[in-house]
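Colleague: Please see the structure below; I have some questions.
Since every read-out is calculated from the coordinates, none of them should be taken as a lab result. Computed from a predicted structure; not experimentally measured. Note that each Cβ is placed from the backbone with ideal geometry, even for glycine, and that neighbours are counted across all protein chains shown.
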Amino acid sequence: MSRTALSRACYYMRRPHITVAVCICAVLSVPAIRYIESLRCNTFYEMNEPNARATPLQIAPTIPGHVIFDRDSLGWMRRHLQPPPDKPVSASFCLHLLRLYGKNATFQHPTLKTGDTILAVLTNDTASASFFGAPHSLRTTYGVRFPSDKSESGRTALEVDAHRDHTLAVLSELGVPLSFPVTVNNERLSLSEVLKDSIATFHLQQKELAWTATAYILLLPPHREWTNRFGERFTFDQLISELLSRPLHKDSCSGTHLLVALTLAARANDINSFLTEPMRLRLHRFLDAAVTAACETQQADGSWLPTWNRALHESASPPRSATIDGPIDRLLVTGHLTEWLLYLPRQHQPHLSTFERAAKWLQAELVKALPTKDDAVLCPYAHAFGVLQTLSPDMPPALPHPTADG
Ligand SMILES: [Zn+2]
Ligand SMILES: [Zn+2]
């Protein structure tokens, strides 16, 4: 501390009323600044009410054919992929259950009795606080948020979204309309408030973009642009360009969520054109290269390694997962990657044999892995089993019903 600062501190200590006055001013200034900030943001927000679809676009897998599985084996797997009745589960676990079995599913669980109950737990803060130990939703200046940052939420990690806009994206995939009720602080709002908060705080440089993009692709077209709280406008061309620039090997699950978002964009653009022609062509060129890389890197046993995407980023730095290739990592990547392939537009689809080899490997791995599965984790198993259900003609599909169109 400098001599001047020291003598100033001694001066204030001898005059406590000045110290108290300074402290009061400092404390009062924080809420004042927050209030001014909220006024500024509210002004922008109300000027830019997002144009969105009442119900999300539904984009189902397009598969080249069916693979025959042993029904008993699939039934056995399904019995292992249930919410554990005696252990806490996370919001991410709930979202994977919903994706896997749908809103009409029933479960042998004291609280999560049906898919609709899971939906209610995720969208009502009293129910989520009771189930997870802290609420899954949060009222914000701009609407409602399902926080993905633990510091924004509560006391546990269970209630937090694993990825930014994870809940919004999954509910959109399931076809939940924006009018669906979301209750926060006893206030009955709707899912559209969650989209509003997401758009208000959107930025192209946000760390995770795959789930945000998935939600926007399903919820915004035919509208081509949206505006955040600073009045910055964004188009789908900009969003797709940013997704294409992100190295797959640095993203979650070996980049497969980025690939799913890009694939959904290509499919949705065929229904409601929202990309310029140069961007549409660029997107399809990339998908073509990605499918070629996937087919070339499929292992002889039908699986994929976490490093499968290296060929797409040869000049890139070493992949995050370069040294991770345990059985669960390979199960996670193979399940995710095959699921992505199921959504490709028909002109990019690999031969049925690619699916058959992958499915055969996934089935064998699940038989080995499920008896010792960690009850807290569902993701690697859920994507793998979802693929088997979708490819099987005898099982109700895990993902939305396959369609005949592209
Ligand atoms: Zn994943
Ligand atoms: Zn997952």
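Colleague: Size of the dipole of the stretch 48-391 about the Cα centre, Lys and Arg at +1 and Asp and Glu at -1 on the beta carbon, nothing else charged, in debye to 20?
Modeller: Roughly 180 debye for the stretch 48-391.
Colleague: Taking a ≥ b ≥ c as the square roots of the eigenvalues of the Cα gyration tensor of the stretch 88-233, is the shape rounded (a/c under 1.5), prolate (a/b larger than b/c) or oblate? Please report the intermediate quantities before stating the final value.
Modeller: On the way: a/c = 1.79, a/b = 1.46, b/c = 1.23.
In terms of gyration-tensor shape, prolate.
Colleague: Would you mind getting me the FRET efficiency between H313 and A157? Use the beta-carbon distance for r and R0 = 30 Å, nearest 0.05.
Modeller: Values: r = 31 Å, r/R0 = 1.03.
Step by step, r from the Cβ atoms, then E = 0.45.
Colleague: Stretched out fully, how many nm does the piece from R53 to C295 gain, at 0.36 nm a residue minus the Cα gap? Let's see the in-between values first.
Modeller: Values: separation 242, 0.36 × 242 = 87.12 nm, distance 3.57 nm.
Between R53 and C295, full extension yields 83.5 nm more.
Colleague: Could I have the simple spin-label model distance between N186 and D325, label points 7 Å from Cα toward Cβ, reported in nm to one decimal?
Modeller: 5.9 nm
Colleague: Once you put a point 7 Å from the Cα of A120 and another 7 Å from the Cα of S73, both along the Cβ direction, what distance in nm separates them?
Modeller: Spacing of the two 7 Å Cα→Cβ label points: 3.8 nm.
Colleague: Once fully extended, how much extra length lies between D149 and Q347, figured as 0.36 nm per residue of separation less the alpha-carbon to alpha-carbon distance?
Modeller: In short, 67.4 nm is gained.
Colleague: Also: Place the peptides 284-290, 247-253 in order of packing, highest mean first, counting for every residue the other Cβ atoms within 10 Å and averaging per peptide. Write out the running numbers ahead of the final one.
Modeller: Numbers: 284-290: 16.3, 247-253: 19.4.
Descending packing order for the listed peptides: 247-253, 284-290.
Colleague: Give the residue list of GluC sites (Glu not before Pro) in the stretch 205-256 that are DSSP loop and have at most 13 other beta-carbon atoms within 10 angstrom. Write down the numbers at each step before the final one.
Modeller: Working: sites: E208, E225, E232, E242; in loops: E208, E232.
Sparse-neighbourhood loop GluC sites (Glu not before Pro): E232.
Colleague: Per 0.36 nm of contour for each residue apart, how much would the distance between E277 and R246 grow if the chain were fully extended, relative to their Cα-Cα spacing? Let's see the in-between values first.
Modeller: On the way: separation 31, 0.36 × 31 = 11.16 nm, distance 2.12 nm.
Length gained, E277 through R246: 9.0 nm.
Colleague: Measure off 7 Å from each Cα along the Cα-to-Cβ vector at R224 and H80, then give the distance between these two points in nanometres to one decimal.
Modeller: Reported label-point gap for R224 and H80 is 5.0 nm.
Colleague: Does the stretch 48-391 classify as rounded, prolate or oblate by the C-alpha gyration tensor (a ≥ b ≥ c root eigenvalues; a/c under 1.5 gives rounded; else a/b over b/c gives prolate, otherwise oblate)? Could you put the intermediate results ahead of the total?
Modeller: Numbers: a/c = 1.66, a/b = 1.10, b/c = 1.51.
It comes out oblate by the Cα gyration axes.
Colleague: Let me ask something else. Would you list, by chain and number, the lysines whose Cα falls below 25 Å from the Cα of K373, excluding same-chain residues fewer than 8 positions away?
Modeller: K87, K103, K113, K360
Colleague: Restrict the search to the stretch 76-167; then list the trypsin sites (Lys or Arg not before Pro) that DSSP places in a loop and that have at most 14 other Cβ atoms within 10 Å of their Cβ. The partial results should precede the final answer.
Modeller: Details: sites: R78, R79, R99, K103, K113, R139, R145, K150, R155, R164; in loops: K103, K113, R155, R164.
Listed in order of number, the matching sites are K113, R155.
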